[in-house]
Amino acid sequence: MNNSDIYLYERKLHKYADYTVWLAFPGVNSFAMSSLGFLWIYKSIDEIEDVNVEILSSDKKTTKFMYEDVNLIGFSFTFDTDFLTIFSMLEKYSIPFKSNERDEKFPLIFAGGPVVSANPMPYKDFFDFFVIGDGEDINLNLVNLCKENKNKSKNEILEMLSKIDGIYVPSINNRPVKKLTQKLDKCVYTPIISENAFFKNTFIIELARGCSNRCGFCLASYLNLPFRYVPFDEIISKIELGLKYTNKIALLGAQISAHPKFEDIFNYINKKIESGMNIEMSVSSLRVDAIKPEIVKTLVACGQKNVTLAIEAGSERLRKVINKNLSEEQIFSAVKIAFENGLKGLKFYGMIGIPTETKEDIDELIKLVGEIKKLYKGFDISFGFSSFVPKPNTPFQWCGRENSKSIEQKAEYLKKEMHKLGIQISVSSIKWDYWQAVLSRGDDSFTQFLIDVYNLGGKLGAFKKSAIKNNINSDFYAYDNFPINTDLPWDFIEVSPGKDFLIKEHSRLLN
């Protein structure tokens, strides 16, 4: 932490605390200080009596404690390749990677976040336990349990943890693990406003969690079902709190515009601007059908010049396949409203290599963009594309990726045609997306494979070399279509509304 950081909660004094937690973020400190969920968990632990808690990041070494003084280390695990940074952080403190090589002198080490909540199996040998699902309450409870039983052995503590819903202990695992779903009656907001954050001096507030659209590939939708939103009055009170310390506000959520009071929230902000208050407000992204004149005008008044819209696929047919029921008419209407009400441009997000995708689907997208460019000259239109990665606990978890060479050809075709139209386009690395798919659908045979990837340097070549060395058939995990009746490595995790529902969704969308 920095002396200029502003804490929006009353910190406990831990002068005589004898229990120490490291909360570790596998990325640079500026990203850690902009990660809302991570900071909220830090706040929760910091408010526990008699517990020292310190943030670690990849570029920030501890300033207070050595690992011999630490009782518990919790890692955030948000992206599939985070294991590389986690290994480097463990290595920095001479902590063995594998849990069975860490005796009683080492702290208990756990992980939480979307990657391990969806499928912890590739990483089961590296952590003593996992938090599965929403982490607000459970992290508080597990730290208290570990603190109260600090004089007991690791195995005794793990035995107690294994009985708690939402905690998976690989060394014990004798029952299904229920994914935790947090009730959103209270706001999660930035508890520390920092000049050193990636989003400098910004107050971030979560409006909603999950997404009712339920696109077939989307982990954020299905892992966070049901769609939940924070009560309007709670949001307004926290906006008022944030505005006491900064004029920069960001609204967060996969589908914030589905909040039933979304327009009222914007009206509230707009009235403050009209009264003379200088507010800079940004949103993560918007649904196309949420683009209304009043919304756009408020965003423009708050200094936002561009907005991101996720249309995912290029044709109405393919959008129906993925459950993105969005018509061309709605897209044209959104662009018209954005153009006429002061935005300088729109960034569209799309995906290539979606199951059943054809060249005709891509051509329809190119045609759509060409028509938009003709109608709105001078309006900045850009595109960002990723390629399809099958994710556990989604209806498309059984679907393999399209061959990488084929996806790369599609990407090159898109780049060439969009360039002709004067459209800026970025496409994620198809090769990296391939390995992300391998990790995503991986299993407990990956332990040495992952260690060797790290030891070989963690680049693309390291993945290929390590897979060969460890007899990992990476094409199986990335490309194969799994039969619906296959037992999947992550099936022991009980998610709502359950596997039968995912099977029905899979059949409905793809048949």
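The values are calculated or read from the model by the stated rules, or taken from the named source; none is laboratory data. What you are looking at is a predicted structure, and each value in this text was computed from that prediction instead of being measured. No Cβ is skipped: glycine too gets one built from the backbone with ideal geometry, and neighbour counts run over all protein chains shown.
Scanning region 294-323 for residues that are under 20 Å from Ile366 (Cβ atoms) and part of a loop (DSSP other than H, G, I, E, B) yields Ala313, Gly314, Ser315, Ile322. Please verify whether Arg317 is touching a helix residue (DSSP H, G or I) at 6+ places or on another chain (Cβ under 9 Å) and either over 30 Å from Leu180 (Cβ atoms) or polar (S, T, N, Q) (or both), treating the condition exactly as stated. Yes. Taking the stated definitions as given, is Gln330 of a type in the set (S, T, N, Q), more than 30 Å from Glu195 (Cβ to Cβ) and touching a Gly at 6+ places or on another chain (Cβ under 8 Å)? It is false that Gln330 is of a type in the set (S, T, N, Q), more than 30 Å from Glu195 (Cβ to Cβ) and touching a Gly at 6+ places or on another chain (Cβ under 8 Å). Number of residues in region 187-212 that are in a loop (DSSP other than H, G, I, E, B) and over 15 Å from Phe31 (Cβ atoms) equals 8. Count of region 137-161 residues, restricted to those that are closer than 29 Å to Asn224 by Cα, surrounded by fewer than 19 Cβ atoms within 10 Å (Cβ to Cβ), modelled with pLDDT under 95 and not hydrophobic (A, V, I, L, M, F, W, C), is 3.
The set of residues from region 137-151 being more than 17 Å from Ile109 (Cβ to Cβ) and either part of a loop (DSSP other than H, G, I, E, B) or touching a Pro at 6+ places or on another chain (Cβ under 9 Å) (or both) comprises just one member, Asn151. The set of residues in region 318-331 being polar (S, T, N, Q) and either modelled with pLDDT of 90 or more or closer than 18 Å to Lys347 by Cα (or both) consists of Ser327, Gln330.
Filtering region 262-285 for residues that are at pLDDT 90 or above, closer than 25 Å to Ser428 by Cα and among the basic types (Lys, Arg) leaves an empty set.
More than 17 Å from the chain's Cα centre (by Cα) and farther than 28 Å from Ser30 by Cα: is that true of Phe266 in this structure? Taking the combined requirement at face value, the residue satisfies it.
Figure legend. Inter-residue proximity from region 140-154: first residues in the same structural domain as Trp40 (by TED's automatic domain parsing), second residues of a type in the set (Gly, Ala, Ser), beta-carbon distance below 6 Å, spacing 6+ or different chains. Indicated pairs: Leu140/Ser44. From the list Ser88, Ser76, the lone residue that is among the polar types (S, T, N, Q), touching a residue at least 60 places away in the same chain (Cβ under 8 Å) and either in contact with a His (Cβ under 7 Å, 6 or more places away or on another chain) or closer than 29 Å to Lys391 by Cα (or both) is Ser88.
Exactly one residue among Phe87, Phe97 is modelled with pLDDT of 95 or more, under 25 Å from the mean Cα position of the chain (by Cα), farther than 29 Å from Leu252 by Cα and assigned to a loop (DSSP other than H, G, I, E, B), and that residue is Phe97.
Applying the condition of being within 24 Å of Gly345 (Cα to Cα) and in a loop (DSSP other than H, G, I, E, B) to region 374-432 and asking which residue is modelled with the highest pLDDT yields Ser428.
For region 388-425, taking the residues that are touching a residue at least 12 places away in the same chain (Cβ under 8 Å) and among the basic types (Lys, Arg), the one that is surrounded by the fewest Cβ atoms within 10 Å (Cβ to Cβ) is identified as Lys415. Regarding region 174-186, can at least one residue be identified that is hydrophobic (A, V, I, L, M, F, W, C), at pLDDT below 90 and in a loop (DSSP other than H, G, I, E, B)? Yes; the residues of region 174-186 include at least one that is hydrophobic (A, V, I, L, M, F, W, C), at pLDDT below 90 and in a loop (DSSP other than H, G, I, E, B).
Conditions tested, residue by residue: (1) among the aliphatic types (A, V, I, L, M); (2) in a strand (DSSP E or B).
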{"position": "Pro226", "(1), (2)": "no, no"}
{"position": "Glu234", "(1), (2)": "no, no"}
{"position": "Gly242", "(1), (2)": "no, no"}
{"position": "Thr246", "(1), (2)": "no, no"}
{"position": "Leu251", "(1), (2)": "yes, yes"}
{"position": "Glu263", "(1), (2)": "no, no"}
{"position": "Phe266", "(1), (2)": "no, no"}
{"position": "Ser282", "(1), (2)": "no, yes"}
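Taken over region 444-490, the criterion of being within 19 Å of Lys124 (Cβ to Cβ) and of a type in the set (D, E, K, R) is satisfied by Asp444, Asp452, Asp487. Can you find a residue that is in contact (Cβ under 8 Å) with a residue 12 or more places away in the chain and among the aromatic types (Phe, Trp, Tyr) anywhere in region 483-490? Looking for residues that are in contact (Cβ under 8 Å) with a residue 12 or more places away in the chain and among the aromatic types (Phe, Trp, Tyr), one finds at least one in region 483-490, hence yes. Within region 290-317, residues that are farther than 18 Å from Phe348 by Cβ reach partners that are charged (D, E, K, R) and assigned to a strand (DSSP E or B) with beta carbons closer than 6 Å, at six or more positions or on different chains, in the pairs Cys302/Glu280; Gly303/Glu280.
Condition test on Glu328, is it more than 30 Å from Asn119 (Cα to Cα) and either more than 29 Å from the chain's Cα centre (by Cα) or among the aromatic types (Phe, Trp, Tyr) (or both)? Criteria not met by Glu328. The C-beta contact set for region 362-377 (first residue in contact (Cβ under 8 Å) with a residue 24 or more places away in the chain, second residue assigned to a helix (DSSP H, G or I) and surrounded by 16 or more Cβ atoms within 10 Å (Cβ to Cβ), distance under 6 angstrom, 6+ apart or interchain) comprises Ile366/Glu417; Ile372/Val335; Tyr376/Phe339. Selection over region 439-496 of residues that are farther than 19 Å from Ser99 by Cβ, of a type in the set (Val, Ile, Thr) and part of a helix (DSSP H, G or I) gives a count of 1.
The set of residues in region 44-101 being of a type in the set (Gly, Ala, Ser) and under 23 Å from Lys459 (Cα atoms) consists of Ser57, Ser58, Ser76, Ser88, Ser94. Using the structure shown, decide if Ile95 is surrounded by fewer than 22 Cβ atoms within 10 Å (Cβ to Cβ) and over 18 Å from Ile45 (Cα atoms). So Ile95 fits the description; yes.
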